[in-house]
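The values are calculated or read from the model by the stated rules, or taken from the named source; none is laboratory data. Bear in mind the structure is a predicted one, so any value in this text is a computation, not a measurement. Please note: Cβ atoms are built from the backbone with ideal geometry, for glycine as well, and neighbour counts cover all protein chains shown.
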Protein chains: 2
Amino acid sequence: MEIFAKGSTFRLTDHGKVLLEASDEKPMIFAGHGTEQVEMYRGNFKIEDRVEERVALPILHSEEKDGALILDFGGQIEGRIEADNDCSVIRFRSRNPEINRFWIRLAAEPGEHVYGCGEQLSYFDLRGRHFPLWTGETGVGRDKTTYVTWRSDVENRAGGDYYNTSFPETTFVSSRKYYLHAETTAYADFDFRSPEYHELQIWEVPASIRIESADSFPELLKKETAFLGRQPELPEWTRHGLILGVQGGSERSFGIAEKVRSGGVGLAGVWCQDWCGKRVTTFGKRLQWDWHYHPQMYGDLPERIRELHREGIRFLGYVNPYLVKDGMLFREGMEKGYFARKSDGSFYLVDFGEFDCGVVDLTNPEAFDWFKGIIETYSIGIGIDGWMADFGEYLPTDDIVLASGKPAMIEHNRWPMLWAKCNYEAVKETGNLGKIVYFMRAGGTGSQKYNTLMWAGDQSVDFSRHDGLCTVIAAALSCGMTGMGLHHSDIGGYTSLFGNVRTKEVFFRWAEMAAFTPVMRTHEGNRPDDCYQFYDDEDGIRRMARLTGIFRMLSPYVTEAVRENHEKGLPVQRALFLHYEGDERCYTEQFEYLLGRDLLAAPVWKEGRKEWDVYLPDDEWIHLWTGREYGKGNNVVGAELGFPPVFYRKRSKYADLFEKIRGTYGA
Amino acid sequence: MEIFAKGSTFRLTDHGKVLLEASDEKPMIFAGHGTEQVEMYRGNFKIEDRVEERVALPILHSEEKDGALILDFGGQIEGRIEADNDCSVIRFRSRNPEINRFWIRLAAEPGEHVYGCGEQLSYFDLRGRHFPLWTGETGVGRDKTTYVTWRSDVENRAGGDYYNTSFPETTFVSSRKYYLHAETTAYADFDFRSPEYHELQIWEVPASIRIESADSFPELLKKETAFLGRQPELPEWTRHGLILGVQGGSERSFGIAEKVRSGGVGLAGVWCQDWCGKRVTTFGKRLQWDWHYHPQMYGDLPERIRELHREGIRFLGYVNPYLVKDGMLFREGMEKGYFARKSDGSFYLVDFGEFDCGVVDLTNPEAFDWFKGIIETYSIGIGIDGWMADFGEYLPTDDIVLASGKPAMIEHNRWPMLWAKCNYEAVKETGNLGKIVYFMRAGGTGSQKYNTLMWAGDQSVDFSRHDGLCTVIAAALSCGMTGMGLHHSDIGGYTSLFGNVRTKEVFFRWAEMAAFTPVMRTHEGNRPDDCYQFYDDEDGIRRMARLTGIFRMLSPYVTEAVRENHEKGLPVQRALFLHYEGDERCYTEQFEYLLGRDLLAAPVWKEGRKEWDVYLPDDEWIHLWTGREYGKGNNVVGAELGFPPVFYRKRSKYADLFEKIRGTYGA
């Protein structure tokens, strides 16, 4: 990269492409101060800002020093730029402690596309919109025009919007083949609406902005993940079949597992989220947030786990970093003083929906280790092979005192990473990396290394555009652009509210897609009794048996993709343009993806379809179920339930494997 | 008022109370520039702003010159202040043409209340909220938690919010006994949320800010209206009884008028909004926007009007400043070139809901006179005694060229005043002031003088908090604080959508309130067939006969209040604190009002009530219907349909009249 600086003019270019520029007419940096109002209601945040001042900071002075260029932005902020061939880092230092709002503009081109910013569920290409980056609930409905969203807003302030995410990150990838990372965990809002510039708003002066470029997208992701960190490989056993979500105690859970296994379903694990007991709220059945096995519901669980292991099946549980007020571990945490406090010294209790919990202060190393110990003792210690490492988004920001001494407005977005790290260390320190898998919906910078598997959070049990099946595709793709290439979702979705119930169709459209992702896992949903459950349905069990069969056969192929994610940061589910960068159409595709290098999946995400429109980039494609050959372009293909549009590259080294799948499961 | 200026410090005080202050720590003025995005859909505006810069402007220099104090705000804006005993005016001059955003802060006190800003339907006391000031549709539902609002938003972008108003004005009254007026018609947003200051945002540097104080609220309103202008007196005939809203052609309209009159209803006038013909849209029956009488529907209308006049009844029509594309007058306007144009020279057509109209360019003196002539010829010329002077809010802002040469962003908020003036001149120049009444929902600075009667716009036909009966009370009170003291509304409301239909109860709660306002007028609503119409109901006609009887008996009393409005700017419907300024409780009351000096009305605005909670300030009050005496405090009083809680002052000089009303119509 090249730096040009003269007087008040500055330019950063990459092989001639302008990335940053500043002049008196075109300011690059604005700074000022503002006062925010933050309200949290059960993980849903309402954030309002009053910007008192926002001033363009012209470059007053520039000089070279120790191989770096020092820029004086308006006498307020110092920028120290170091650039090498394809990477530039600007380190900022604020000279004015009043500054708590910072904006930086990047040069943009009209046809440019932007991806990443963590997990984005509604839109993969971020261009044309702005994205507040703040971890929280993702919302129920997420579309102000739908009845479910409206009711959720009115009754629970929970409707959400297109940008709500549990995993926000101040990192994006441009189609101009660079990634940018802002080193900050403050509230941010990245605005990609202007045709001429991207404007990144950050509620502090960030430590640095890093821009790195590459000649190809795979190379770019490799560099990005070298910097951000890469996920460990998935345990081999996840490829054995379904992780079956069941609950209701040993008898019911293991009974259903046995039932579906004898029905031919390939079973990798049994996931009992209520291993810790449960409590009933108006939202549905919730869990007892006290992270040890429930002696009544799951009597003698360690022995049951040993039995499962003998049959080659894993057992998974559930943990999150909050502890309910009436639980055993809460009492222990209270005595040790490990919860976050209010300024008056009392413990801060968070309402999680009709029950209050303490917030384990993960910035207190002793509390962190204590909680790690809870996972080690009560989960890993009894042989548990994985868990949903839920939440991480609910750090309140008002009147909370943390051991780090930092404001909660700064720690809030860091919390998911701390929570991931806590799980990671528990697993690593017990020698279980690559054996245990925990899956998280919350994330932040640094989570890449510490999170063994991304999970897309709570979708509605439907085909809706902003909260249904299709959203987990964009989610996987945007995670993949942010270094989180192992992604999966609740088969059939989770949230059933206001009369919205899961049908067999949406369940199996979701399941057939999941067969072409790294992990298949079902969830009974928040209202299990109202929603379709495949295990209650003979035909459903047969269908699931077939899909897990396909999933198992794909194992060698997907294993390689999983390894590529670990070694090169190339995600398992890939945006089409990563491998077809010359094809403009691929840059706006968010409902199709490549699984590894050689499979293209175009999941059916609407109701009542028997055919599906598929776009194929320039290659020789074989339709997985019929063997019919297709070339570049738009095609209408048959898409009966159980036969999602999937294609493989004719010249794939796995062509034999794919043919075998067709032979076994084809149309 | 006293001015103090030294170095960068400035203070404006009124008998020691700080009104304005500036110092290096407490800036008073901020300026900058921004870029707005304005979308209009059928009068509903979506306005988004991107503020590029906002800078506090410290006082760099101050000097006295020609009896004025000149302040230099940051070298960007000059402020020239002149103050006398109780009035200060700051005239601003921008030295930087880039400035298109301006903020000024006023000193505020925690317990202070603020009123006015034109017509505000949801909240009378503006403190604690901000109020965008931009004329537009007021919204259907106006409450994001209601089904009607949600559906209106989804289907028509029309749900609205608490601040939407057809009559915004950059004028407010503080409980600290001053009024402030900002001389501007640019988009503004007055923010009363801070406990320490009010911040007024204006999208230009305003010509001036005027602050005037008084020792009492009646005195303050007198001064305010001396400055803003005062409404003419209402014609005496409006006191004769109901203005009956009917439509459907001569036969139906005059037939219904005759029916209700023979049923004992006091009739002041017959209002046929479809005198010009009609067109059917999915919203309901709309009018033919071509402002002459429809020869088929209202054959021989001039003669029918003469007949009505012989019987002492007036006839009212309807006009608005747009002309439909397929009408006669549109063709004439096109030929003369009197419509606003696009930058490419073509005429700008506005979608008013399934039909397109030309926008008469009221900034073109010839077009203005032409349209005045249309009113004179086709309305006044055939003997019409009044009309709804509808709309005025729909001046689009994108790509529109006006004769004034000014941007539509500046002319938009001025349009309602121009439209009022057009009506005023037509009436005045034909010698009909005080004989003709037109009623308007749109307003702006200057409308006070030119509008003969305010009408509250289109409410929902229900008891809802933000779009029902109760909202017209706050509307009347806030109009009264902005110099518009003659106010009334559609009895029974107007908008019936999404299954929301008018009941007999809401109609008569509205009618019984209207009997205690300056004008009683019914509207059949947008879906007449679905909604309750009193004329179809014998009991309804009886009830209306009684209410018009009461209204007529009140005439001498109300006539005096109407005169006070004209002469002193003291509104006919008055906030309680205007006369009970020592009673803190009165400052937050928005559902009760004084009618003139001696009547207190507490309309029932909820469904199914037989009793009503009433607050009475310190006085001797007699319950109008029972003669029972009450003192200061909270009281529960009987409130059967037809007997709204109304009280009169025992020592009123009209006590005999009120007793007579009780004798005739009491319980």
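Does at least one position in the range A:161-176 carry a residue that is over 24 Å from residue A:88 (Cβ atoms) and within 14 Å of chain B (Cβ to nearest Cβ)?
There is at least one residue in the range A:161-176 that is over 24 Å from residue A:88 (Cβ atoms) and within 14 Å of chain B (Cβ to nearest Cβ).
Every residue in the range A:357-416 that is part of a loop (DSSP other than H, G, I, E, B) and free of Cβ contacts under 8 Å to residues at least 24 places away in the same chain, please.
Of everything in the range A:357-416, those that are part of a loop (DSSP other than H, G, I, E, B) and free of Cβ contacts under 8 Å to residues at least 24 places away in the same chain turn out to be A:405, A:407.
Identify the single condition in (1) over 27 Å from the mean Cα position of the chain (by Cα); (2) closer than 26 Å to residue A:552 by Cβ that residue A:597 does not satisfy, given that it satisfies every other one.
(1)
Spot the failing condition for residue B:257; the list is (1) more than 23 Å from residue B:516 (Cβ to Cβ); (2) touching a helix residue (DSSP H, G or I) at 6+ places or on another chain (Cβ under 7 Å); (3) modelled with pLDDT of 95 or more, and only one is missed.
(2)
Restricting to the range A:122-164, and then to whatever is basic (Lys, Arg) and touching a strand residue (DSSP E or B) at 6+ places or on another chain (Cβ under 6 Å), can you tell me which residue is surrounded by the most Cβ atoms within 10 Å (Cβ to Cβ)?
Filtering first and then ranking leaves A:127.
If residue B:582 satisfies all but one of (1) in a loop (DSSP other than H, G, I, E, B); (2) buried (at least 20 other Cβ atoms within 10 Å of the Cβ), what's the number of the condition it fails?
All conditions pass for residue B:582, except number (2).
Could you list all residues from the range B:17-38 that are away from chain A (no Cβ under 14 Å), farther than 14 Å from residue B:90 by Cβ and either free of Cβ contacts under 8 Å to residues at least 12 places away in the same chain or in a strand (DSSP E or B) (or both)?
B:17, B:18, B:38
Which one of these does residue B:249 not meet: (1) under 18 Å from residue B:379 (Cα atoms); (2) surrounded by fewer than 18 Cβ atoms within 10 Å (Cβ to Cβ)?
If we test residue B:249 against (1) under 18 Å from residue B:379 (Cα atoms); (2) surrounded by fewer than 18 Cβ atoms within 10 Å (Cβ to Cβ), just (2) comes out false.
Any residue in the range B:150-165 that is assigned by TED's automatic domain parsing to the domain that holds residue B:139 sitting within a Cβ distance under 7 Å of a residue that is in a helix (DSSP H, G or I)? List the pairs, counting only those 6 or more apart or interchain.
B:150/A:150; B:158/B:152; B:159/B:149; B:159/B:150; B:159/B:152; B:159/B:153
Just wondering, is there one or more residues in the range B:64-87 that are within 14 Å of chain A (Cβ to nearest Cβ), under 31 Å from the mean Cα position of the chain (by Cα) and at pLDDT 95 or above?
Checked the range B:64-87: no residue is within 14 Å of chain A (Cβ to nearest Cβ), under 31 Å from the mean Cα position of the chain (by Cα) and at pLDDT 95 or above.
Quick one: count up the residues across the range B:137-148 that are within 11 Å of chain A (Cβ to nearest Cβ) and part of a helix (DSSP H, G or I).
The total comes to 1.
For residue B:151, which of the numbered conditions (1) in contact with a Gly (Cβ under 9 Å, 6 or more places away or on another chain); (2) among the charged types (D, E, K, R); (3) not in a helix (DSSP H, G or I) fails to hold?
The single condition residue B:151 does not satisfy is (3).
Which of the numbered conditions does residue A:297 fail, given that it passes all the others? Conditions: (1) surrounded by fewer than 19 Cβ atoms within 10 Å (Cβ to Cβ); (2) touching an Asp or Glu at 6+ places or on another chain (Cβ under 9 Å).
(1)
For the range A:39-60, which residues satisfy the criterion of being within 14 Å of another protein chain (Cβ to nearest Cβ) and among the hydrophobic types (A, V, I, L, M, F, W, C)?
A:51, A:55, A:56, A:57
Residue-wise test of (1) among the charged types (D, E, K, R); (2) more than 11 Å from the chain's Cα centre (by Cα).
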site	(1), (2)
B:458	yes, yes
B:462	yes, yes
B:467	yes, yes
B:472	no, no
B:476	no, no
B:481	no, no
B:488	no, no
B:498	no, yes
B:501	no, yes
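Checking the conditions here, which among A:435, A:449, A:428 is surrounded by fewer than 24 Cβ atoms within 10 Å (Cβ to Cβ), over 20 Å from residue A:395 (Cβ atoms) and within 15 Å of the chain's Cα centre (by Cα)?
The conditions single out A:449.
Given the structure, is residue B:587 in contact with a His (Cβ under 7 Å, 6 or more places away or on another chain), assigned to a helix (DSSP H, G or I), of a type outside the set (A, V, I, L, M) and in contact (Cβ under 8 Å) with a residue 40 or more places away in the chain?
yes
State which residue pairs qualify: first residue more than 20 Å from residue A:455 (Cα to Cα) and inside the range A:551-577, second residue polar (S, T, N, Q) and surrounded by fewer than 18 Cβ atoms within 10 Å (Cβ to Cβ) in any location, beta carbons under 8 Å apart, and separation of 6 or more residues or different chains.
Close Cβ pairs (under 8 Å, with a partner that is polar (S, T, N, Q) and surrounded by fewer than 18 Cβ atoms within 10 Å (Cβ to Cβ)) amount to A:553/A:664.
Residue-wise test of (1) in a helix (DSSP H, G or I); (2) within 28 Å of residue B:354 (Cβ to Cβ); (3) in contact with a His (Cβ under 9 Å, 6 or more places away or on another chain).
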residue	(1), (2), (3)
B:252	yes, yes, no
B:269	no, no, yes
B:290	no, yes, no
B:299	no, yes, no
B:305	yes, no, no
B:316	no, yes, no
B:326	no, yes, no
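Checking residue A:449 against (1) free of Cβ contacts under 8 Å to residues at least 60 places away in the same chain; (2) within 30 Å of residue A:370 (Cβ to Cβ); (3) of a type outside the set (A, V, I, L, M), which test does it fail?
(1)
Name the pairs: first residue in the range A:615-632 and within 14 Å of residue A:576 (Cα to Cα), second residue β-branched (Val, Ile, Thr), Cβ to Cβ under 7 Å, at least 6 apart or on different chains?
That search, which allows pairs on different chains as well, returns nothing.
Answer yes or no: is there a residue in the range B:281-302 that is touching a residue at least 40 places away in the same chain (Cβ under 8 Å), among the aliphatic types (A, V, I, L, M) and in contact with a strand residue (DSSP E or B) (Cβ under 7 Å, 6 or more places away or on another chain).
no
Can you pull out every residue in the range B:200-227 that is among the aliphatic types (A, V, I, L, M), crowded, with 17+ Cβ neighbours inside 10 Å and more than 13 Å from residue B:173 (Cα to Cα)?
B:200, B:202, B:205, B:209
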